[in-house]
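The values are calculated or read from the model by the stated rules, or taken from the named source; none is laboratory data. Just so we're clear, the structure is a prediction, and the values are computed from it rather than from any experiment. As a convention, Cβ positions derive from the backbone with ideal geometry for all residues, glycine included, and neighbour counts pool all protein chains shown.
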Amino acid sequence: MIEVEIEDEAWTAALADAAAVASRAATAALGAVEGDVVVLLTDDATVRELNARFRDKDRPTNVLSFPAAEMTLPGRAPHLGDLVLAFGVCAAEAGAQGKTLADHLSHLTVHGVLHLLGRDHEIEAEAEEMEAEERSILATLGVADPYRADVQP
């Protein structure tokens, strides 16, 4: 199950179906994996606070992924973790990269869910593998390759 919470109304002011976009992208990224994911669409200040608290980086970022502890309750799908996205950062990046906010939200949601599933991009080989998986998932959603040279800042 995907649960989307909108804490900053700027998301829906800019993208009326923001919750549906995030839910659809998270569902696509999960594929056949069973589990619950919570997506919080919030503001830059909240993400900055979380980034400082949990990553020692005192600045907002586009998306944070918080994998859940491995624990399952009988008869329930496991909670895989939470994603937190900052409106201001995401909107600015979408504009700078010539993307729609919906496409960028889809990309960042897929990216975050893949982190919850254990994917990473710390080394080049992992990054290439993760980007290929993102491209494949996003293509099923009708979202263009976010790594194309002509859409990067």
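Structure above, values below:
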item	result
Some residue of the stretch 60-82 being over 22 Å from Asp36 (Cβ atoms), over 12 Å from the mean Cα position of the chain (by Cα) and not basic (Lys, Arg)	yes
Selection count where residues are at positive phi and not in a loop (DSSP other than H, G, I, E, B), scope the stretch 2-35	0
Boolean, Leu50 is in contact with a helix residue (DSSP H, G or I) (Cβ under 9 Å, 6 or more places away or on another chain), at pLDDT 95 or above and surrounded by 17 or more Cβ atoms within 10 Å (Cβ to Cβ)	no
Matching residues in the stretch 68-83 - criterion: being in contact with an Asp or Glu (Cβ under 8 Å, 6 or more places away or on another chain) and outside any loop (DSSP other than H, G, I, E, B)	His79, Leu80
Complete set of residues in the stretch 104-153 that are over 11 Å from Ala25 (Cβ atoms) and among the β-branched types (Val, Ile, Thr)	Ile123, Val151
Scan of the stretch 86-130 for residues that are surrounded by fewer than 16 Cβ atoms within 10 Å (Cβ to Cβ), of a type outside the set (Val, Ile, Thr) and farther than 20 Å from Asp8 by Cβ, ordered by number	Gly98, Gly118, Asp120, Glu122, Glu124, Ala125, Glu126, Ala127, Glu128, Glu129
Some residue of the stretch 84-92 being among the aromatic types (Phe, Trp, Tyr) and part of a helix (DSSP H, G or I)	yes
Scope the stretch 41-67; condition within 23 Å of Ala18 (Cα to Cα), part of a loop (DSSP other than H, G, I, E, B) and not acidic (Asp, Glu); matching residues	Pro60, Thr61, Asn62
Odd one out for Ala18, checked against (1) touching a Leu at 6+ places or on another chain (Cβ under 8 Å); (2) within 16 Å of Phe87 (Cβ to Cβ); (3) without any contact (Cβ under 8 Å) to a residue 12 or more places away in the chain	(3)
Number of the exception - Ala32 against (1) small (Gly, Ala, Ser); (2) farther than 21 Å from Arg119 by Cα; (3) at pLDDT below 95	(2)
Where a residue in the stretch 135-153 is over 20 Å from Ala92 (Cβ atoms) and its partner, wherever it lies, is at pLDDT below 90 and part of a loop (DSSP other than H, G, I, E, B), with Cβ under 9 Å and at least six apart	Arg135/Tyr147
